[in-house]
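Notes follow the structure.
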Amino acid sequence: MNATNEVLIARIGKPHGLRGEVTVQVHTDVPQERFVTGAVFGTEPDRGELTVRAARVHNGIQLLAFEEATDRTAAEGLRGTRLFAGADDEEDDAYYEDDLIGLDVVDTSGGSLGKVVALHPRPAQDLLEIELTDGRTAYLPFVEEIVPEVDIDAGRVVADPPPGLLELGE
């Protein structure tokens, strides 16, 4: 389903309430523009297109309701579904989780640090989850000061973490 001109917008989580609302993990920089009544998303795995019936934020969590799922049982069946839509001009400089997973992470001198295993969207800044070369996990704030370069074509991310950041959690 994920055509090359489509990007991951959200991943559906658990149902919320009895009327078909679901929580979503947001993967867009412009949720207020993406999650509007009537917006249509492709799905993976393929569950057909889903049309937004309602959207709201509750206690900091994005909730969506779809025309195709009007009760809790139907909403439960959507859990884990990824929502896709066409790329948006305002997101052209954004990186998506699917683009980043598997990229090598190197320091500014080219030394190997590990591989990207996930992107965790957060309200203040996203975090890159890195599997370090020694098998440990580290989290890098996905900001230009710490990740100055992402080169999808070369398959790498350049990281310049401050001293001690990769050792947190040892």
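When we screen Glu6, Glu44, Glu90 for residues that are open to solvent by 20 Å² or more (accessible area, probe 1.4 Å), within 30 Å of Tyr139 (Cβ to Cβ), at pLDDT below 95 and out of contact with any strand residue (DSSP E or B) (no Cβ under 6 Å at 6 or more places or on another chain), the only hit is Glu90. Here is the figure for region 161-170: residues that are in contact (Cβ under 8 Å) with a residue 12 or more places away in the chain and farther than 14 Å from Leu132 by Cα total 1.
For region 12-26, filtering for residues that are in contact with a helix residue (DSSP H, G or I) (Cβ under 9 Å, 6 or more places away or on another chain) and open to solvent by 20 Å² or more (accessible area, probe 1.4 Å) leaves 7. Among the numbered criteria (1) at pLDDT 95 or above; (2) among the hydrophobic types (A, V, I, L, M, F, W, C); (3) within 21 Å of Val7 (Cβ to Cβ); (4) not in a loop (DSSP other than H, G, I, E, B), which one does Leu78 miss? Among (1) at pLDDT 95 or above; (2) among the hydrophobic types (A, V, I, L, M, F, W, C); (3) within 21 Å of Val7 (Cβ to Cβ); (4) not in a loop (DSSP other than H, G, I, E, B), Leu78 violates only (4). Surrounded by 14 or more Cβ atoms within 10 Å (Cβ to Cβ), over 22 Å from the mean Cα position of the chain (by Cα), without any contact (Cβ under 8 Å) to a residue 60 or more places away in the chain and within 21 Å of Leu8 (Cβ to Cβ) - does that describe any residue in region 73-83? No, that holds for no residue.
If you go through region 22-47 one residue at a time, how many are within 11 Å of Leu78 (Cα to Cα) and in a loop (DSSP other than H, G, I, E, B)? Quick ask: steps written out before the conclusion?
Within region 22-47, the subset within 11 Å of Leu78 (Cα to Cα) is 22-24, 43-47.
Next cut, in a loop (DSSP other than H, G, I, E, B) only: 45-47.
The qualifying residues number 3.
For the residues Ile130, Ile101, Ile152, the requirement of being open to solvent by 30 Å² or more (accessible area, probe 1.4 Å), of a type outside the set (Lys, Arg), in contact (Cβ under 8 Å) with a residue 24 or more places away in the chain and under 29 Å from Gln62 (Cβ atoms) singles out Ile152.
The values are calculated or read from the model by the stated rules, or taken from the named source; none is laboratory data. Bear in mind that the values here come from a model prediction, so they are computed numbers and not experimental data. Here the Cβ is made from the backbone with ideal geometry for all residues, glycine too, and neighbour counts use every protein chain on show. Areas reflect the complete protein model, heavy atoms only, side chains present, ligands, DNA and RNA absent. Shrake-Rupley method; radii C 1.70, N 1.55, O 1.52, S 1.80 Å.
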